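Scroll down for the structure; my scribbles are underneath it.
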Amino acid sequence: MENKEEILVVIDINLKKVAWESIGLTIGLSIIGLLLFPWITDITEITFSFWSFLWFLIGYVVLIVLHECFHLVGFWIFGKAPWSSMDYGVNLQMGVAYATTIIPLQNSAMKKALLLPFWLTGVLPMIIGFWIGSLLLVLLGAWLIAGAAGDFAMYKELRKYPNDLLIKDDPEKPRLYVLKKD
């Protein structure tokens, strides 16, 4: 943190708690998707194969990468952050993919950037999966919705603060800094 920025509140995310919530959501949403799929699509025969499993794994990795990219797009669109201020990657020690910006964003922009991947990599694939009759997309959507548990935990905390406050993302940890107004 730069010296000129005064921190009002530090929002830390409990990764262990978020991981358990994500696992519960993954199981729950997968079951709901499996139960709704035949009812919505009229497809009653569900088969699993090595190839469908492989496609699921490939799709999951691609959507995780897109999830983080959509955070960056959110920082750019909603927060007007320049591309040069952003970074993304995987923290193997924490077992998380991340996207970050060094530019503080207004709370309203940060909340939108946090939820953008939920809609585009979770809800949208699930809806498309039901629409075209693809259980693979329904389950991928369910898993990516559940994978946004950390984003929802941060969003929940940010809702406590006015939209015009500045929020700075920690570049190394799942942590946000709520900055004091000038």
If the chain between Ile7 and Trp51 were fully extended at 0.36 nm per residue, the gain over the current Cα-Cα distance would be 10.8 nm
Note on the chain: contact order normalised by length, alpha-carbon pairs under 8 Å, 6 or more apart, percent, works out to 34 percent
Once Leu36 and Met94 are pulled to full extension, the length gained, defined as 0.36 nm per residue separation minus their Cα-Cα distance, is 17.5 nm
Which residues qualify? For Arg175, with a placed amide H closer than 5 Å and at least 5 residues away or on another chain, they are Asp170
Highest GNM mean-square fluctuation among Gly28, Gly147, Gly79, for the chain with Cα springs under 10 Å, belongs to Gly28
For segment 18-31, Karplus-derived ³J(HN,Hα) couplings (6.51, -1.76, 1.60; θ = phi - 60°; whole Hz; x for glycine and proline) come out as 4, 4, 5, 4, 5, 4, x, 5, 4, 5, x, 5, 5, 5
For segment 1-89, the dipole about the Cα centre with charges only on Cβ (Lys and Arg +1, Asp and Glu -1), to the nearest 20 debye, works out at 60 debye
Magnitude of the Cβ-charge dipole (Lys and Arg +1, Asp and Glu -1) of the chain about the Cα centre, nearest 20 debye, reported as 360 debye
One point scatterer per Cα, no solvent, Debye formula: log10 I(q)/I(0) for the chain at q = 0.13 Å⁻¹ comes out as -0.69
Ordered by fewest other Cβ atoms within 10 Å, a rough proxy for footprinting exposure, Val73, Val61 read Val61, Val73
Nearest-0.05 FRET efficiency for Ile128 and Ile23 at R0 = 25 Å, using Cβ-Cβ distance, is 0.55
Helix-only [θ] at 222 nm, the chain, -39500 (n - 2.57) per DSSP H run of 4+, per residue, nearest 500, equals -18500 deg cm²/dmol
Relative contact order in percent for segment 47-121 (Cα pairs under 8 Å, 6+ apart) equals 38 percent
Any lysines whose Cα falls less than 21 Å from that of Lys180, other than same-chain ones fewer than 8 residues away, would be Lys4, Lys80, Lys111, Lys112, Lys156, Lys160, Lys168
For Tyr161 and Ile103, extending 7 Å from Cα along the Cα-Cβ vector and measuring point to point gives, in nm, a value of 1.8 nm
Lys and Arg at +1, Asp and Glu at -1: neighbours of Asn91 with Cβ under 13 Å from its Cβ sum to -2
The summed charge of the Ser22 Cβ neighbourhood (under 15 Å; Lys/Arg +1, Asp/Glu -1) stands at +1
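Values in this text are rule-based calculations from the coordinates and carry no lab data. All values derive from a computational prediction rather than experimental measurement. Counting neighbours? That spans all protein chains shown, and the Cβs are built from the backbone with ideal geometry, glycine included.
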